[in-house]
Amino acid sequence: MSQTVGDYLLQRLREWDVEQVFAYPGDGINGIVVAFGESDNRPRFVQTRHEEMAAFAAVGYAKFSGKVGVCLATSGPGAIHLLNGLYDAKLDHVPVVAIVGQTARSAMGGSYQQEVDLQALFKDVASEYLVEVNVAEQLPNALDRAMRTAVASRAPTALIIPADLQEEPYEPPRHAFRHVPSSPPSYPKTVAIAAEDEIGRAADVLNAGSRVAILIGQGARNAADEVRQVAELTGAGVAKALLGKDVLPDDLPYVTGSIGLLGTRPSYELMTDCDTLLIVGSNFPYSQFLPEFGKARGVQIDLDGRLVGMRYPTEVNLVGDAKATLTRLIPLLRRKEDRSWRETIEENVAQWWETMERQAMVDADPVNPMRIVWELSSRLPDDAIVTADSGSAANWYARHLRMRGRMRGSLSGTLATMGPGVPYAIGAKFAAPSRPVVALVGDGAMQMNGMAELLTIGRYRSLWSDQRLVVCVLHNNDLNQVTWELRAMGGAPKFEESQVLPDVSYADFARSVGLEGIAVSTPGELGPAWDRALSAAGPVVLDVRCDPNIPPIPPHATLDQIKSTTEALLKGDPDAWEMVTRGFRTKAAELFEGLRRG
């Protein structure tokens, strides 16, 4: 039996060391699905419950493995469903290859069933590389370019393969006119380093400063040791953009934690009071949380020259690999003997963690959501992977989870879409099957898609050498982040028709699909429940009923935000009294620390 195009596609993916494809079947990819069967399911076809979840799982796999994530969907509706996950990859700079079917070539242009202009559909999200394969000889070059481009550009790419072509005999490209060959699968490696004279200028700026701040993002992940050295030499504090939360551990006394609306007071004070700013591998978009323009001199290091100088008026922009560039920069830096700036930073950080503990212990009805993450933080194994969904869960992940050891963590940092928490966790388990994984998910995202993906977890758990995967549901029956945004930004009271969620027992649902379910409804149950979940032999859903009226108050709330929230109260918010009492207690825990410091 001759090899089909579908057969060769899977062979080439194996040659690229692709171990699994996150996918959902459909007749637009029947030729590829048949090839999976003929190839003894190598690479493994990982069936999610929805194509969007396949894309999210591929993103999660890529984030936690450092390899290309691959997803597969049928033509028309299946391809459309991939878009949100692929945009998540695009905005967070993650290498993902999407393979999609298309209607048969003989029917194209005939308004045929499920015919969608996929070139137009993927033109933006796969702008780095998008191609439709129309003859067998095209395939090797097209797939190889999609893989290499995804890595080189840190972006999603897309390959469209018509349904009829998948079943045709494969023919390799010939040494002939209008045929394009390819090379054996490999990822060319290069290290870009900024120009020496520019590195010297950057050193001059950093040496001249007396109060240096460092902001790191995910682009600094390969340069953690070098960032530590720079921080030690300059006496700097280090703030972390959300995607860089796991780059440096939070047990370093000068690491101030997250920055921005979900950030910490020490990070806010670091940026407010510094006179010099070094940005490494971050495209953090909220310039209002950076030093006031003109108050601090700036240096930025980024691999992508298109991204430098666009968030803060940096004086020196170094385009290059963070590790290599910092390695050249470090010998030029002079150690600052005056450590008073560093001492202030470390004092602020120590006091902040005390404040976080007090806020987590504020009485709530029934459980304070901050306490959920606070109780988890000290119990997490040092090699754990944590995913967080968008919404209020991201607030508590950003502020209360203390990274240490080899911990990894991520969320939808730029698109901030709901729904990736559970599929990211699935991708993480395929990336690191021997490591425990925890997903922090709001009940809104859980109802949106997380409950369905519990079936995927149950189906593939036996493949993971360590089956611990804890899905913690922040169960408050409220689309909480948007509720608070309406109050704080629009001065609008909670509109219950849009914000209140149907009540369901997530623990009961977990048990119904063969997973362990643990329900928590009092603060005293929380710690033992985490202990039980983290020591379980398999996947667990931890269903924690928590208080929707604990406000995610930024430590640097603006007068406009306070004014808008007050207006929401005066307009008759249904939870007004609970908001006032919980908000007062939460802010009092922080103000107490401020008075003690004063």
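Are there any pairs, at least 6 apart or on different chains, whose C-beta atoms fall under 6 Å, with the first in region 17-45 and buried (at least 20 other Cβ atoms within 10 Å of the Cβ) and hydroxyl-bearing (Ser, Thr, Tyr) and the second modelled with pLDDT of 95 or more and part of a helix (DSSP H, G or I), and if so, which?
Tyr24/Glu51; Tyr24/Ala54
Is it fair to say Pro249 is under 29 Å from Pro95 (Cα atoms), surrounded by fewer than 19 Cβ atoms within 10 Å (Cβ to Cβ) and touching a Ser or Thr at 6+ places or on another chain (Cβ under 8 Å)?
When the stated conditions are applied, Pro249 does not pass them.
Kindly provide the set of residues from region 331-347 that are part of a loop (DSSP other than H, G, I, E, B) and of a type outside the set (A, V, I, L, M), ordered by number.
Once the filter is applied, which keeps residues that are part of a loop (DSSP other than H, G, I, E, B) and of a type outside the set (A, V, I, L, M), region 331-347 yields Arg334, Arg335, Lys336, Glu337, Asp338, Arg339.
Among the residues of region 139-155, is there at least one that is open to solvent by 70 Å² or more (accessible area, probe 1.4 Å), part of a loop (DSSP other than H, G, I, E, B) and in contact (Cβ under 8 Å) with a residue 60 or more places away in the chain?
The initial filter retains those residues of region 139-155 that are open to solvent by 70 Å² or more (accessible area, probe 1.4 Å), namely 145, 152, 154.
If we keep only those that are part of a loop (DSSP other than H, G, I, E, B) too, we end up with 154.
Then keep just the ones that are in contact (Cβ under 8 Å) with a residue 60 or more places away in the chain; that gives 154.
Yes: one or more hits.
Could you check region 95-134 and list, in sequence order, the residues that are of a type in the set (S, T, N, Q), assigned to a loop (DSSP other than H, G, I, E, B) and surrounded by 14 or more Cβ atoms within 10 Å (Cβ to Cβ)? Step through it out loud before you land on a result.
Looking only at region 95-134, we keep the residues that are of a type in the set (S, T, N, Q), and these are 102-103, 106, 111, 113-114, 119, 127, 134.
Adding the requirement that they be assigned to a loop (DSSP other than H, G, I, E, B) leaves 103, 111, 113-114, 127, 134.
Scanning region 95-134 gives Thr103, Gln114, Ser127, Asn134.
With the requirement that a residue be among the hydroxyl-bearing types (Ser, Thr, Tyr) and either part of a helix (DSSP H, G or I) or surrounded by 15 or more Cβ atoms within 10 Å (Cβ to Cβ) (or both), what does region 263-308 give you?
Taking region 263-308 first, the residues among the hydroxyl-bearing types (Ser, Thr, Tyr) are 264, 267-268, 272, 276, 282, 286-287.
Residues satisfying the conditions are Thr264, Ser267, Tyr268, Thr272, Thr276, Ser282, Ser287.
Quick test of your reading of the structure: Thr190 fulfils all but one of (1) assigned to a loop (DSSP other than H, G, I, E, B); (2) surrounded by 24 or more Cβ atoms within 10 Å (Cβ to Cβ). Name the failing condition by number.
(2)
Val255 - would you say it is over 27 Å from Asp389 (Cβ atoms) and touching a residue at least 40 places away in the same chain (Cβ under 8 Å)? Steps first, please.
Working: over 27 Å from Asp389 (Cβ atoms): no; touching a residue at least 40 places away in the same chain (Cβ under 8 Å): yes.
The answer is no for Val255.
Have a look at Ala350, Ala324 and point out the one that is open to solvent by 30 Å² or more (accessible area, probe 1.4 Å), assigned to a helix (DSSP H, G or I) and not charged (D, E, K, R). Lay out the reasoning, then the answer.
On the way: Ala324 fails: open to solvent by 30 Å² or more (accessible area, probe 1.4 Å).
Matching residue, one of Ala350, Ala324: Ala350.
Which numbered condition trips up Ser390, out of (1) within 22 Å of Leu83 (Cα to Cα); (2) part of a strand (DSSP E or B)?
The one condition Ser390 does not meet is (2).
Need pairs with beta-carbon distance below 9 Å; first residue within 18 Å of Pro554 (Cα to Cα) and within region 273-288, second part of a loop (DSSP other than H, G, I, E, B) and among the β-branched types (Val, Ile, Thr); sequence gap 6+ or separate chains.
Hits for this filter: Phe284/Ile259; Pro285/Thr414; Tyr286/Ile259.
Restrict the check to region 538-549 and report whether at least one residue is surrounded by fewer than 17 Cβ atoms within 10 Å (Cβ to Cβ), modelled with pLDDT of 95 or more and within 30 Å of Ser378 (Cβ to Cβ). Break it down stepwise before answering.
Restricting attention to region 538-549, the residues satisfying the condition of being surrounded by fewer than 17 Cβ atoms within 10 Å (Cβ to Cβ) are 538.
From what is left, the residues that are modelled with pLDDT of 95 or more are 538.
Subset that is within 30 Å of Ser378 (Cβ to Cβ): 538.
Yes, region 538-549 contains at least one residue that is surrounded by fewer than 17 Cβ atoms within 10 Å (Cβ to Cβ), modelled with pLDDT of 95 or more and within 30 Å of Ser378 (Cβ to Cβ).
Specify which of the listed residues (Ser377, Ser340) is among the hydroxyl-bearing types (Ser, Thr, Tyr), closer than 28 Å to Val230 by Cβ and free of Cβ contacts under 8 Å to residues at least 12 places away in the same chain.
Values: Ser377 fails: free of Cβ contacts under 8 Å to residues at least 12 places away in the same chain.
It is Ser340.
List the helices (runs of 4 or more DSSP H) inside region 441-501, counting only whole elements, that have at least 1 residues being at pLDDT 95 or above, over 28 Å from Pro523 (Cα atoms) and open to solvent by less than 40 Å² (accessible area, probe 1.4 Å).
Working: elements: 451-460, 480-490, 496-499.
Helices (runs of 4 or more DSSP H) meeting the threshold: 451-460.
Every residue in region 235-252 that is out of contact with any strand residue (DSSP E or B) (no Cβ under 7 Å at 6 or more places or on another chain) and without any contact (Cβ under 8 Å) to a residue 40 or more places away in the chain, please.
Leu252
The values are calculated or read from the model by the stated rules, or taken from the named source; none is laboratory data. If you're wondering where the values come from, they're calculated on a predicted model, not measured in any experiment. Heads up, the Cβs are rebuilt from the backbone with ideal geometry, glycines too, and the neighbour counts pull from every protein chain shown. Quick note on the areas: whole protein, heavy atoms, side chains included, nothing else; ligands and nucleic acids left out. Shrake-Rupley method; radii C 1.70, N 1.55, O 1.52, S 1.80 Å.
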